[in-house]
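Undergrad: One structure follows; several queries about it will come next.
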Amino acid sequence: MKEKIWLSSPHMGGAEVKYVQEAFETNWISPVGPHIGAFETSLATYNDIPYCAALSSGTAAIHLALILLGVKQGDEVICSTFTFSGSCNPIAYQGAVPVFVDSERLTWNMDPVLLEEAIVDRQKKTGRKPKAIIAVHLYGMPAQIEAIMNVARRYEIPVIEDAAEALGSTYQGKKLGTFGDMGIYSFNGNKIITTSGGGALVARNEGWIQHAKFLATQARDPAPHYEHSHIGFNYRLSNVCAGIGRGQMEILPTRIEQKRKIYAYYNNELKNFPGIEFLPEPEGAFSNRWLTTVLLDEKITGFAPETLRLALDAENAESRPLWKPMHLQPIFKDCPAYSNGVSEELFRQGLCLPSGTNTTEEQFLHVIDTIKRQWVTNVSVR
Ligand SMILES: *Cc1c(COP(=O)(O)O)cnc(C)c1O
């Protein structure tokens with residue numbers, strides 16, 4: 001196969017160009033302009049939450065959320081260990097300390113029981129409560145968010161929901177990103193919808209979102225000249241990127257349908273191959289299936305995820321290991337971590353399969369054939 005099969009690449013719907021052209025024609029090329037408000041409104045409406053700030057990235061959204069919650073130097077912030085570094089880097093931006101909590105096996109996301117143990121232990125060791133909790137929904141799969149919120153409420157610790165990968169996913173019919181005190185989304189190039197780069201912060205608290213917009217535009221106090229009483233950031237989404245976002249919002253439901261079909265296709269083709277395990281939706285959970293992921297039991301299949309990754313790569317198909325847990329990362333290795341082995345096992349056994357919505361049927365057939373060939377070859381050898 002000549003053409004590259006991507007893990008998940010940008011997929012425009014068609015209307016994006018119209019909105020971008022409008023931005024050019026009206027010369028709203030800056031981080032000001034009508035697309036920004038319209039994009040925020042469409043995100044807020046879609047997620048059924050009143051307030052939204054469109055920002056330059058999901059990471060920026062988490063950073064501002066931490067600032068709004070008053071996270072400062074020396075504070076501790078709990079974060080899922082099984083995640084992308086964008087979830088926890090902003091904790092370090094604030095001079096605060098990440099405390100990592102491991103996953104449960106059902107959803108691969110933060111274990112609510114371990115979360116409580118971590119809170120109790122931090123209180124015992126430091127005499128203080130962690131200042132915030134960053135709970136992540138990986139690959140679109142809802143975490144046990146009600147249980148996490150119950151623990152958080154019991155200890156009165158605010159929750160930032162990292163729904164960067166989970167726009168459109170729901171738990172008990174309610175959109176992810178709207179359970180926590182604040183929620184964030186990412187519109188980076190490979191996410192389910194993209195603005196080329198971008199993110200958003202959502203909340204029910206109007207004051208927070210107003211203040212986030214103020215901080216994101218260099219914290220300019222009302223005055224004819226430039227007056228500053230806060231440290232500001234250049235974190236606003238541009239009007240051009242918001243135009244792309246408006247177009248992408250129109251096809252988001254279609255993309256979710258397509259992503260779910262991709263998962264169903266892999267699952268259907270491979271479910272009878274022992275040693276290949278999928279991540280089913282637990283009761284009440286609806287996943288946008290951003291990426292289809294599998295676990296490979298090397299003892300049964302005879303091959304490790306890396307073997308399959310290389311085999312796919314030889315066919316010009318991109319796959320990727322699951323996120324390497326943050327507590328194993330050299331930069332975070334000295335941070336407190338509450339681990340139970342789950343995220344390490346997932347990292348060892350897991351692989352993200354090509355899940356692009358603009359991948360052709362023929363390309364998917366080729367990917368499936370490659371996986372089946374690996375399986376048949378290795379299992380029969382044993
Ligand atoms: C992508 C991602 C982020 C960061 O979003 P950016 O827009 O890339 O800054 C944060 N958390 C998770 C889980 C992500 O996948």
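Undergrad: HN-Hα J couplings of the range 44-52 from phi, Karplus 6.51/-1.76/1.60, θ = phi - 60°, integer Hz, Gly and Pro as x?
TA: 5, 5, 4, 8, 6, 9, x, 10, 8
Undergrad: Hand me the GluC sites (Glu not before Pro) from the range 212-285 located in a DSSP loop with no more than 15 other Cβ atoms within 10 Å, in residue order please.
TA: Those satisfying the criteria are GLU283.
Undergrad: Taking the simple approach of a point 7 Å from Cα along Cα-to-Cβ for both TYR93 and LEU310, what is their distance in nm?
TA: Between TYR93 and LEU310, the simple spin-label model gives 3.9 nm.
Undergrad: Ignoring ligands, DNA and RNA, what percent of the 1.4 Å accessible area of the range 253-381 is carbon and sulfur?
TA: Looking at the range 253-381 in its full context, I get 52 percent from C and S.
Undergrad: To continue, here is another question. Mind giving me the FRET efficiency for ARG154 and GLU345? R0 is 22 Å, r the Cβ-Cβ distance, nearest 0.05 is fine.
TA: For R0 = 22 Å, the calculated efficiency reads 0.15.
Undergrad: Over the chain, what is the relative contact order in whole percent, taking alpha-carbon pairs under 8 Å and six or more residues apart?
TA: For the chain, the relative contact order is 24 percent.
Undergrad: Whole number in Å², please: accessible area per residue of the chain, 1.4 Å probe, ligands, DNA and RNA not counted.
TA: Numbers: 16020 Å² over 382 residues.
Each residue of the chain exposes 42 Å² on average to a 1.4 Å probe.
Undergrad: Let me ask something additional. Starting from the range 168-226, pick out the chymotrypsin sites (Phe, Trp or Tyr not before Pro) whose DSSP state is loop and whose Cβ has at most 16 other Cβ atoms within 10 Å.
TA: Values: sites: TYR171, PHE179, TYR185, PHE187, TRP208, PHE214, TYR226; in loops: PHE179, PHE187, TYR226.
Hits after loop and neighbour filter: TYR226.
Undergrad: With a cap of 16 neighbouring Cβ atoms within 10 Å, and only residues DSSP puts in a loop, list the trypsin sites (Lys or Arg not before Pro) found in the range 1-78. Kindly include the intermediate steps, with their values, before the conclusion.
TA: Numbers: sites: LYS2, LYS4, LYS18, LYS72; in loops: LYS2, LYS4, LYS72.
Passing both the DSSP loop test and the Cβ count: LYS2, LYS4, LYS72.
Undergrad: What does the charge dipole of the range 253-381 about its Cα centre add up to, to the nearest 20 debye, if the Cβ of each Lys and Arg holds +1 and the Cβ of each Asp and Glu holds -1? Write down the numbers at each step before the final one.
TA: Numbers: 14 positive and 17 negative charges, 28 e Å.
Dipole about the Cα centre, nearest 20: 140 debye.
Undergrad: Under 19 Å from a point 7 Å along the Cα-to-Cβ line of ASN268: which residues of the range 339-382 have their amide N that close?
TA: Residues passing the 19 Å test: 353-372.
Undergrad: Continuing with the same structure: Taking amide H positions as placed in the peptide plane 1.01 Å from N, state which residues far from LYS174 in sequence (5 or more) or on other chains have amide H under 5 Å from it.
TA: Answer set, sorted by chain and number: none.
Undergrad: Also, I was wondering about something else. Rank-order 320-327, 52-59, 147-154, 192-199 by packing density, defined as the average count of other C-beta atoms within 10 Å over each peptide's residues, highest first.
TA: 52-59, 192-199, 320-327, 147-154
Undergrad: Would you mind calculating the gained length between ILE231 and GLU362 on full extension (0.36 nm times residue separation, minus the Cα-Cα distance), in nm to one decimal?
TA: Fully extending the segment from ILE231 to GLU362 adds 41.9 nm.
Undergrad: List, in order, the whole-Hz ³J(HN,Hα) value for each residue of the range 94-99 obtained from phi through the Karplus relation with A = 6.51, B = -1.76, C = 1.60 and θ = phi - 60°; use x for Gly and Pro.
TA: 8, x, 8, 10, x, 10
Undergrad: How high is the relative contact order of the range 118-229, in percent, with contacts defined as C-alpha pairs under 8 Å that are six or more residues apart?
TA: This gives 16 percent for the range 118-229.
Undergrad: Can you grab the distance from the C-alpha centre of the range 204-241 to the C-alpha centre of the range 20-81, Å, no decimals?
TA: 11 Å
Undergrad: I want to check the label-to-label distance for ASN27 and LYS72. Put each point 7 Å from Cα in the C-beta direction and report it in nm to one decimal.
TA: Using points 7 Å along Cα→Cβ, the separation is 4.5 nm.
Undergrad: Separate question: Just to check I understand the Karplus step: with θ = phi - 60° and J = 6.51 cos²θ - 1.76 cosθ + 1.60, what whole-Hz values come out for the range 267-283, glycine and proline as x?
TA: 4, 5, 6, 10, 5, 8, 9, x, x, 10, 10, 9, 10, x, 7, x, 3
Undergrad: Which one of ILE371, LEU346, MET326 is farthest out on the positive end of the charge dipole of the chain, using unit charges on Cβ (Lys, Arg +1; Asp, Glu -1) and the Cα centre as origin?
TA: MET326
Undergrad: Okay, next question. Under a Cβ-only charge scheme (Lys and Arg +1, Asp and Glu -1), can you give me the dipole magnitude of the chain about the Cα centre, in debye to the nearest 20?
TA: For this selection, approximately 260 debye.
Undergrad: I need the per residue convex hull volume for the chain, using only the alpha carbons, in cubic angstrom as a whole number.
TA: 140 Å³
The values are calculated or read from the model by the stated rules, or taken from the named source; none is laboratory data. Being a predicted model, the structure only gives us computed values, none of them experimental. We place every Cβ from the backbone using ideal geometry, glycine too, and count neighbours over all the protein chains shown. Accessible surface is based on the protein model in full, side chains and every heavy atom, while ligands, DNA and RNA are left aside. Shrake-Rupley method; radii C 1.70, N 1.55, O 1.52, S 1.80 Å.
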